[in-house]
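**Student:** Sharing a structure, written as structure tokens. Questions coming.
The values are calculated or read from the model by the stated rules, or taken from the named source; none is laboratory data. Since the structure is predicted, the reported quantities are computational estimates derived from the model, not experimental observations. Reconstructed Cβ throughout: ideal geometry from the backbone, glycine too, with neighbour counts over all protein chains shown. Protein only, heavy atoms only, side chains kept; ligands, DNA and RNA dropped before computing areas. Shrake-Rupley method; radii C 1.70, N 1.55, O 1.52, S 1.80 Å.
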Amino acid sequence: MQLEDFYGRLVKVAGQENVAYLPATAKKISAIEITGKYIICHRCNQKTNKQLAFLPNGNYYCPQCIQFGRLTSQDLLYTIAEPNRFPLQTAPLTWSGKLSALQQGCAVDLQLQTSRKKDFLLWAVTGAGKTEILFPTIAAALKRRERICIATPRIDVCNELYPRLSAAFKQTSMVLLHGSSSMDYRYSQIVICTTHQLLKFKNAFDLLIIDEADAFPFKGNRLLQTAVTNARKKISSLLLLTATPTSEMLRKVKQHQLKLGYLPLRFHGHLLPVPQIILLPSWKKQLQRQKLAQNIIRPLQKWLQAGWPVLVFAPQISLLELLKTSLKQFTTNQHLTTVFAADPHRIEKVQQMREESCQLLITTTILERGVTFPKLNVLVIGADEPVFTEEALVQIAGRAGRSSQRPVGEVIFACSMLNRNLSRALRQIKFLNHEGAKLNNNALSKVPTSDTK
């Protein structure tokens, strides 16, 4: 193990392991603190009842972060303060694209606030180009030799961000960390990771960016919120990115705990697609008989014949194969498959969709956000099922029309009834489109004061 592996990290060292090579400045921390009826883990900072953490050998372990390797009361954690040992860069941004005037307005505000180490919420509609808006801020931080992390709750978002950022900052060391990543950890100036990976860092980042900050499992997760606090430096900037901010985020804006950037228009200037609602009271019974209503089959056949890629969302994993079998009966297209969170071929299937070698992908809500497939159309089966929250429906509709190759797309929500989540999602999309349509003279509209939730 190299010294740089300890920079800004919490590294587990077994009790008997030789650490004589570590400098005197390395900090040693007991992995598990035993106190009263509880144990406290110093990796995840969570408290656990002793009875739930007891081992047969008389030691204790932390069950709350065991997915990163078991920590016991016999283990130690070592860390070395982040030294920011990165080369000086005068022109780190290698991206040749250009921001629109609206994107540039957000980017300038973001760069100013993060340079002052302020926390910032960027609320931008799906397809607004949030990643590109980040580029000037990341470039300025790199020039200051700062260490940067872009963390997100979803593996698929990590996999999409890594090649884009690698191309935009070709001279900068970068690492991709998540449970399915083929990369080993190495000391890098930019870290792209899932939010769970933040548990391994300690006072490491000058700029910490949480993309899709309202997504499961990050939203409302106390362990992951603590991980964010621990991973950033005492003097640092936290940037939250989302198209569907939570009421908690907006409350912090009102209380001046978060600065806000607001962009209700997509980068290509087109509005969000407004979903078509199709009422199908008997869709579940039909699907069990491997049948689908004609008002679903007809648009699907039209989309596939036109060559458009299609995402079909299902409310349950158990329905994926039924949908696949049913759809095969109504199309000659063989390039269709299913994907779900625990699918061992998940990464390859999503990549096939990006490369257009797969035309129709049947999925769960794992692909509701953070992925871009050009020229896409979207169908949601059972859009009134509880798993499809207001935020999820807005994000799903936002998968369509993201590309300048086809800035308009079609979205169908098939449902048994028009419930509250559907109504609120439609209202939010129409509200954002109203705000986006008001933009003129390259000026951002003011932050809305009406309640869109």
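**Student:** With the convex hull built on the Cα atoms of the range 43-83, state its orientation-averaged projected area in nm².
**Tutor:** Averaging across all directions leaves 3.5 nm² for the Cα convex hull.
**Student:** Using all alpha carbons of the range 224-372, what is the percent of pairwise distances in each 5 Å bin, ordered from the shortest bin to the longest?
**Tutor:** Once binned at 5 Å, the Cα pair distances of the range 224-372 give 2, 7, 13, 15, 15, 13, 11, 9, 7, 5, 2, 1.
**Student:** Sum up the charges of everything whose Cβ sits under 11 Å from the Cβ of LYS200, counting Lys and Arg as +1 and Asp and Glu as -1, but leave LYS200 out.
**Tutor:** Overall, the nearby charge balance is +3.
**Student:** Out of the total accessible area of the range 120-197 (probe 1.4 Å, heavy atoms of protein only), what percent is carbon and sulfur?
**Tutor:** The nonpolar share, carbon plus sulfur, comes to 48 percent.
**Student:** For the range 195-234, which semi-axes, largest first and in whole Å, follow from the square roots of 5 times the eigenvalues of its Cα gyration tensor?
**Tutor:** 17, 11, 8
**Student:** Right, something else. What percent does the relative contact order of the range 58-211 come to when contacts are Cα pairs within less than 8 Å and at least six residues apart?
**Tutor:** Computed over the range 58-211, the figure is 26 percent.
**Student:** Please report, in whole Å, how far the alpha carbons of the range 84-223 spread along each principal axis, starting with the longest.
**Tutor:** Reported extents, whole Å, longest axis first: 37, 35, 27.
**Student:** Using C-alpha positions alone, give me the convex hull volume of the range 344-438 per residue in cubic angstrom.
**Tutor:** Spread over its residues, the Cα hull of the range 344-438 gives 101 Å³ apiece.
**Student:** If contacts are Cα pairs under 8 angstrom and at least 6 residues apart, what is the relative contact order of the chain in percent?
**Tutor:** 15 percent
**Student:** So which trypsin sites (Lys or Arg not before Pro) in the range 24-93 end up in coil per DSSP with only 12 or fewer other C-beta atoms within 10 Å?
**Tutor:** LYS37, ARG85
**Student:** Using a 10 Å Cβ count of at most 13 others and DSSP loop calls, identify the longest part of the chain lacking such GluC sites (Glu not before Pro).
**Tutor:** So the longest stretch without any such site is 18-354.
**Student:** Write out the cysteines belonging to the chain for which the nearest other cysteine Cβ is not under 4.7 Å, or none if no such cysteine exists.
**Tutor:** Result for the chain is CYS106, CYS149, CYS158, CYS193, CYS358, CYS415, no neighbouring Cys Cβ within the cutoff.
**Student:** For the range 65-145, what is the convex hull (Cα atoms) projected area averaged across all directions, in square nanometres?
**Tutor:** If you wrap the Cα atoms of the range 65-145 in a convex hull and average its projections, you get 8.8 nm².
**Student:** 5 Å is the cut-off here: which amide hydrogens, built 1.01 Å from N in the peptide plane, fall below it relative to ARG9, excluding neighbours closer than 5 in sequence?
**Tutor:** Amide H neighbours of ARG9, under 5 Å, 5+ apart: ILE80, LYS202.
**Student:** For the range 1-102, which chymotrypsin sites (Phe, Trp or Tyr not before Pro) pass both filters: DSSP loop (anything but H, G, I, E, B) and at most 13 other C-beta atoms within 10 Å?
**Tutor:** When the chymotrypsin sites (Phe, Trp or Tyr not before Pro) of the range 1-102 are filtered for loop state and at most 13 Cβ neighbours within 10 Å, TYR21 remain.
**Student:** Okay, next question. Give me log10 I(q)/I(0) at q = 0.11, 0.22 Å⁻¹ for the range 176-286, Debye formula, one equal scatterer per alpha-carbon, no solvent.
**Tutor:** Per q value, in the given order, log10 I(q)/I(0) is -0.53, -1.29.
**Student:** Can you compute the helix-only [θ] at 222 nm over the chain? Use -39500 (n - 2.57) per DSSP H run of at least 4 residues, normalise by all residues, nearest 500 deg cm²/dmol.
**Tutor:** Calculated at 222 nm, the ellipticity per residue is -8500 deg cm²/dmol.
**Student:** Something else now. What is the Cα coordinate range of the range 132-202 on the first, second and third principal axes, sorted by size from largest, in whole angstrom?
**Tutor:** Rounded to whole Å, the extents work out to 30, 25, 18 Å.
**Student:** Tell me which residues come under 5 Å, amide H to amide H, from LEU177 once H is placed; ignore anything under 5 positions away on its chain.
**Tutor:** The answer is ILE192, CYS193, THR194.
**Student:** Let me ask another. Taking amide H positions as placed 1.01 Å from N in the peptide plane, with prolines and chain starts having none, which residues 5 or more places from GLU410, or on another chain, fall under 5 Å of its amide H?
**Tutor:** Placed amide hydrogens put VAL378 under 5 Å from GLU410.
**Student:** Taking every pair of alpha-carbon atoms in the range 6-140, give the share separated by more than 18 Å as a whole percent.
**Tutor:** So the portion of pairs separated by more than 18 Å is 68 percent.
**Student:** Can you give the translational diffusion coefficient of the range 312-373 in µm²/s, computed by Stokes-Einstein from the Kirkwood radius over Cα pairs at 20 °C and 1.002 mPa s?
**Tutor:** It comes out at roughly 181 µm²/s.
**Student:** Please report, in whole Å, how far the alpha carbons of the chain spread along each principal axis, starting with the longest.
**Tutor:** 71, 58, 40
**Student:** Need one value: the accessible area of MET1 in square angstrom, 1.4 angstrom probe, rounded to the nearest 10.
**Tutor:** Taking all protein chains as shown, MET1 has close to 130 Å².
**Student:** Please give the charge dipole size of the range 163-213, origin at the Cα centre, charges +1 on K and R Cβ atoms and -1 on D and E Cβ atoms. Round to the nearest 20 debye.
**Tutor:** In debye, rounded to 20, the range 163-213 gives about 160.
**Student:** A further question on this structure: Considering the dipole of the range 225-325 built from charges on the beta carbon (Lys and Arg +1, Asp and Glu -1) around the Cα centre, which of ILE296, GLN286, VAL312 is farthest to its positive end?
**Tutor:** My answer, from the dipole projection, is VAL312.
**Student:** Bin all alpha-carbon pair distances of the range 254-296 at 5 Å intervals from 0 and give each bin's fraction as a whole percent.
**Tutor:** Binned Cα distances yield the sequence 5, 15, 13, 10, 8, 10, 10, 11, 9, 8, 3.
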